[in-house]
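Working notes for the structure below.
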Amino acid sequence: MIEFTYQFLVLAISLGVLVISMLLFNFWMMGWLEEKRIVPIDTVESKPVAIVFGAGLLRSGEPTAVLRDRVQTAVKLYQAGKVQKILMTGDNSYVDYNEPAAMHQYALDLGVPDEVIVLDYAGRRTYDSCYRAKEIFGVSNAILVTQRFHLIRALFLCRHLGLQAVGVEADNIPFRRGSILFWNIREIPARSVAMADLILRPKPILGNPEYIFPEEPNATQ
């Protein structure tokens, strides 16, 4: 019995080390592949569309600081003439939880014209947002807007889903080191999940195409 317990413990530890090693390798490899696609906002080339990813809401229904940071960056891109449209993608799976609507209102408050903003209410995950940006909204070339820890995964997903993209880091708001550490640790398994999604290719909520430039379906190229 003691020998069996010992062997089981050794096996469990070995499997644990293997899993952790694979997660860390995927985390590092994705960063190595995509880091070069992150460009400073001042030097990024103009693209037709900026894609802003949801990041949660406060109990009041207003955007979190992380989400405000992302919207602010997208607004800067528009005001600098870097993009023509802003696609705001997030979760609206509950009646009283609407990330795109909160992002929309915040951008309006910052002076963005309503006709510039396009809303995707079914971007429940980063994979879903990237998939739908191409398949539903006809985007094939874009600037992705989110924090650096998330940009890596978003760029990786978009590239493998056929959407050419560069990333601009949202860094308008200083966050606590503990929060940044937590987000990066959370990215370790998230990046491996992203790889699994690309292998399995689950279909998110789809629907009829809603091209951002309906007069020219390929205008986002």
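Here, each number is a calculation from the coordinates, and none is a lab measurement. Since we're looking at a predicted model, the values are computed, not measured. Here Cβ is always computed from backbone atoms with ideal geometry, including for glycine, and neighbour counts include all displayed protein chains.
When a/c is below 1.5 the answer is rounded, else prolate if a/b is larger than b/c, else oblate, so apply that to the chain with a ≥ b ≥ c taken from the square roots of the Cα gyration tensor eigenvalues. It would help to have the intermediate numbers written out before the result.
Details: a/c = 1.96, a/b = 1.81, b/c = 1.08.
It is prolate, given that a/c is not under 1.5 and a/b is the larger ratio.
For the pair Ala80 and Ile13 in one chain, pulling the backbone fully straight at 0.36 nm per residue adds 18.8 nm over the alpha carbon distance.
When you count, for each residue, the other Cβ atoms within 10 Å and take the mean per peptide, how do 77-88, 122-133 rank with the highest first?
Details: 77-88: 19.2, 122-133: 23.8.
Going from most to least packed, we get 122-133, 77-88.
Here r is the Cβ-Cβ distance between Arg59 and Asp171 and R0 is 25 Å; the resulting FRET efficiency, rounded to 0.05, is 0.45. Applied to region 158-175, the Karplus parametrisation 6.51 cos²θ - 1.76 cosθ + 1.60 on θ = phi - 60° returns per-residue 3J(HN,Hα) values of 4, 4, 7, 9, x, 10, 6, 7, 10, x, 10, 6, 7, 9, 7, 10, x, 10 Hz, with x for Gly and Pro.
Think of the chain as having a plus end and a minus end, set by charges on the Cβ of Lys, Arg, Asp and Glu; of Leu161, Gly90, Val17, Val17 sits farthest toward the positive end of this dipole. Between Leu181, Leu157, Leu198, the residue with the greatest mean-square fluctuation in the GNM of the chain (Cα pairs under 10 Å linked by springs) is Leu181.
Given H placed on each backbone N at 1.01 Å, which residues far from Gln147 in sequence or on other chains put an amide H within less than 5 Å of it? Placed amide hydrogens put Ala170 under 5 Å from Gln147. Only the Cβ atoms of Lys and Arg (+1) and of Asp and Glu (-1) were treated as charged; on that basis the dipole of region 2-200 about its Cα centre amounts to roughly 320 debye. I need the calculated FRET efficiency for the pair Met22 and Arg159, taking r as the beta carbon distance and R₀ as 25 Å, to the nearest 0.05. Computed FRET efficiency for Met22 and Arg159: 0.75. Of Val44, Ile136, Ala101, whose Cα points farthest to the positive end of the dipole of the chain (charges on the beta-carbon: +1 Lys, Arg; -1 Asp, Glu; origin at the Cα centre)? Of the candidates, Val44 comes out farthest on the positive side. Working note: 222 nm ellipticity from helices only, DSSP H runs with n ≥ 4, each -39,500 (n - 2.57), summed and divided by the residues of the chain, gives -16000 deg cm²/dmol to the nearest 500. Annotation: amide H-H contacts under 5 Å for Asp120 (H modelled 1.01 Å from N, sequence separation of 5 or more, or interchain): Met88, Thr89, Gly90.
Of Phe27, Phe149, Phe182, the residue with the greatest mean-square motion in the GNM of the chain, using alpha carbon springs below 10 Å, is Phe182. Along region 141-155 the Karplus relation, 6.51 cos²θ - 1.76 cosθ + 1.60 evaluated at θ = phi - 60°, assigns HN-Hα couplings of 8, 8, 9, 8, 10, 5, 6, 4, 4, 8, 4, 4, 5, 5, 5 Hz to successive residues, with x for each Gly and Pro. Taking springs between alpha-carbon atoms closer than 10 angstrom, which of Glu115, Glu135, Glu45 fluctuates most in the Gaussian network model of the chain? With Cα springs under 10 Å in the chain, the top fluctuation among Glu115, Glu135, Glu45 is at Glu115.
If you take the square roots of the eigenvalues of the alpha-carbon gyration tensor of region 89-144 and sort them as a ≥ b ≥ c, do you get rounded (a/c under 1.5), prolate (a/b over b/c) or oblate? Write out the running numbers ahead of the final one.
Working: a/c = 2.35, a/b = 1.15, b/c = 2.04.
Taking the square roots of the gyration eigenvalues as a ≥ b ≥ c, region 89-144 is oblate.
Taking amide H as placed 1.01 Å from N in the peptide plane, Ile38 has its amide H under 5 Å from the amide H of Gly167, each at least 5 places away in sequence or on another chain.
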